[in-house]
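The values are calculated or read from the model by the stated rules, or taken from the named source; none is laboratory data. The structure displayed is predicted, hence computed values, not measured ones. Cβ: placed from backbone, ideal geometry, glycine included. Neighbour counts: every protein chain shown. These accessible areas exclude ligands, DNA and RNA; they are computed on the full protein's heavy atoms, side chains included. Shrake-Rupley method; radii C 1.70, N 1.55, O 1.52, S 1.80 Å.
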Amino acid sequence: MKVNSKISISLFLLFSFLAISCKTASTPSSKSTVVATLESAYSKFKEPAITHRRFKHADLQPLIQKHTDAFQITKLGESVEGRSISSLDWGDGKIKVMLWSQMHGNESTATMSLFDLFNFLEANGDEYDELRALLKSKLELKFIPMINPDGAEEFKRRNALDIDLNRDAISQISPEAVILKAARDDFDPEFGFNLHDQQTYYNASRTPKQATISVLAPAYNYETDVNMVRMKAMQTIVGMNEILQQVVPGHVGKYDDAFEPRAFGDNITKWGTSTILIESGGYPNDPDKQYIRQLNFMIILNALEQIATRSYEQYTTEEYFAIPDNDLQLVDLLINEVQVPVMGKSYPVDLAIRRREMSAGDTYYVTGSVDDLGDMQVYFGMEEFEAKGLNYVAGKVYESAFESISKIDYAKALDLLKQGYLAVKVKNGAKGDLHQLPILVLKSRDNFDSGWKTGEATNFFLEKDGVRKYAVVNGYLIDLENPKDQEFKQQIY
């Protein structure tokens, strides 16, 4: 495989520090081999106690204590509701790097990755010892997982004061913001990693690909100037992007760098720390972001190696700005040219439908609605359907109530859909109970919301010549003749 000299240097460094045999490391390694090595490390050190993204503060405490022998663990303070916020420190080097995650309580992907990384750094006696020795001798790392434990408790963005911590860097109304600012000031890191999640509807500009990972070297002023501090972050991001392009090509976006004077990332850059924002978006068939968790592990480990060796210096700001911008043009379901009725006439419109995630204890359900309609050619659907020649038709509620939801199975629900019923009623059960049936279930009401206009609930049929061909139930498209396997996340109304 032909690799240009600039890339070869970086790959040679990473490959050799990952302790592949001296004979192999004496020649420039392929990018695919580097990726395979990072993937292998993740597989070996993934924290098995974390299996989904809706964990809580209490779930992490025994995992933090598990690392007391290898890390210096310090309680930095408490959240509004009294939950502890701790740091884990590792390394003896002169280059200081601080990594913080879950500033927003429902943005937990990178937190998972940090615990995988703790396992990696603590281990010994394997093929990664040379890399660990390099990192330990060159870097001093401070990790602060879960800055917003109160938000995490309810899996919501804001803290218990309903403040967005990422808009509290200056006023520091929240104790969590005070803790983060004090940690940065006391530690004075050269590099910082600001770890977040973003909406799954972000795409790499002008493409239908989700922005699985979005990156940013935040600006420190309104002019978005590039000084040495910001340039180092940009250079490191280019190296991370090289790894990502091997495993998720086209799934990387660059976040908008407009200066936000209240934000932590922008201000930490302003205060002299080369800050790297990582935003975890969406990836097909990865609702709990376990694959994106792996990607975070890989690019953070890669970035730490770059910083330890200063190999990021080979990259340019031009390469950073060449990364595609983030865009927000993805929807869950895009139905093209469905005929909708208005005053006795039919009009062909495209329907852009999103299924929003709603928390329900430790899990969630979705609510589907029309996000926009008309000419949607600039949008991309994670699922797209050509409905030309099909008509929008309302559905009905099945007249007889079932004893409980357990009396309805998938086959029965599908049969009712074919008969023109979009909803059933149950005698027993509670509003808000969850189910996975491909039909609406009613307990506290006798009818359901439906429509094709913006903001309206997406529950309707698509018919041709009076024959029901498809059902749209809560934003899910169901082929009535050839239904596909799909997971439904619904609640009883």
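Couple of notes before you dig in:
- Residue ID - farthest from Gly281 (Cα to Cα), chosen from residues in the range 342-354 that are of a type outside the set (Lys, Arg) and open to solvent by less than 30 Å² (accessible area, probe 1.4 Å): Val349
- Filter result for Leu277 (part of a helix (DSSP H, G or I) and under 16 Å from the mean Cα position of the chain (by Cα)): no
- Test: residue in the range 185-208 that is open to solvent by less than 10 Å² (accessible area, probe 1.4 Å), aliphatic (A, V, I, L, M), modelled with pLDDT of 95 or more and over 20 Å from the mean Cα position of the chain (by Cα): no
- Only one of Asp325, Asp362, Asp409, Asp375 that is under 30 Å from Glu190 (Cα atoms) and open to solvent by 70 Å² or more (accessible area, probe 1.4 Å): Asp325
- Applying the criterion of being open to solvent by 70 Å² or more (accessible area, probe 1.4 Å) and not hydrophobic (A, V, I, L, M, F, W, C) to the residues of the range 313-322, the residue that is farthest from the chain's Cα centre (by Cα) is Glu313.
- When each of Gly282, Gly265 is tested for being small (Gly, Ala, Ser) and in a loop (DSSP other than H, G, I, E, B), the lone residue that passes is Gly282.
- Listed here are the strands (runs of 3 or more DSSP E) enclosed by the range 406-493 that have at least 3 residues being over 30 Å from the mean Cα position of the chain (by Cα): 421-425, 459-464, 467-473.
- Selection over the range 321-372 of residues that are among the hydroxyl-bearing types (Ser, Thr, Tyr) and in contact with a Ser or Thr (Cβ under 7 Å, 6 or more places away or on another chain) gives a count of 1.
- For the range 249-262, taking the residues that are part of a loop (DSSP other than H, G, I, E, B) and in contact with a strand residue (DSSP E or B) (Cβ under 9 Å, 6 or more places away or on another chain), the one that is surrounded by the fewest Cβ atoms within 10 Å (Cβ to Cβ) is identified as Asp256.
- Which listed residue is in contact (Cβ under 8 Å) with a residue 12 or more places away in the chain and out of contact with any His (no Cβ under 8 Å at 6 or more places or on another chain), from Leu88, Leu99: Leu99
- In the range 65-78, the qualifying residues are those that are in contact (Cβ under 8 Å) with a residue 40 or more places away in the chain and outside any loop (DSSP other than H, G, I, E, B), and the one that is most open to solvent (accessible area, probe 1.4 Å) is Glu78.
- Selection count, the range 351-372, where residues are part of a strand (DSSP E or B) and farther than 17 Å from Leu328 by Cβ: 10
- Residue tally, condition in contact with a Ser or Thr (Cβ under 7 Å, 6 or more places away or on another chain) and within 13 Å of Ile439 (Cα to Cα), over the range 450-472: 4
- Close Cβ contacts (under 8 Å, 6 or more residues apart or on different chains) running from residues in the range 184-213 that are on the phi < 0 side of the Ramachandran plot and β-branched (Val, Ile, Thr) to residues that are part of a loop (DSSP other than H, G, I, E, B) and open to solvent by 10 Å² or more (accessible area, probe 1.4 Å) comprise Thr207/Gly250; Thr207/Pro324; Thr212/His251; Thr212/Tyr283; Ile213/His251.
- Scan of the range 464-493 for residues that are open to solvent by 30 Å² or more (accessible area, probe 1.4 Å), over 17 Å from Tyr364 (Cβ atoms) and of a type outside the set (Ser, Thr, Tyr), ordered by number: Lys464, Asp465, Gly466, Val467, Arg468, Lys469, Asp479, Glu481, Asn482, Pro483, Lys484, Asp485
- Check on Glu130, touching a Leu at 6+ places or on another chain (Cβ under 8 Å) and in contact (Cβ under 8 Å) with a residue 60 or more places away in the chain: yes
- Going through (1) open to solvent by less than 40 Å² (accessible area, probe 1.4 Å); (2) closer than 25 Å to Asp89 by Cα one by one, Ile163 falls short only on (2).
- Residues of the range 106-129 satisfying the condition of being farther than 25 Å from Ala233 by Cα and either charged (D, E, K, R) or open to solvent by less than 10 Å² (accessible area, probe 1.4 Å) (or both): Glu122, Asp126, Glu127, Tyr128, Asp129
- Test for Pro218: is it open to solvent by 50 Å² or more (accessible area, probe 1.4 Å), at pLDDT 95 or above and assigned to a loop (DSSP other than H, G, I, E, B): no
- Condition check for Gln339 on (1) part of a strand (DSSP E or B); (2) crowded, with 17+ Cβ neighbours inside 10 Å; (3) under 29 Å from the mean Cα position of the chain (by Cα): one failure, at (3).
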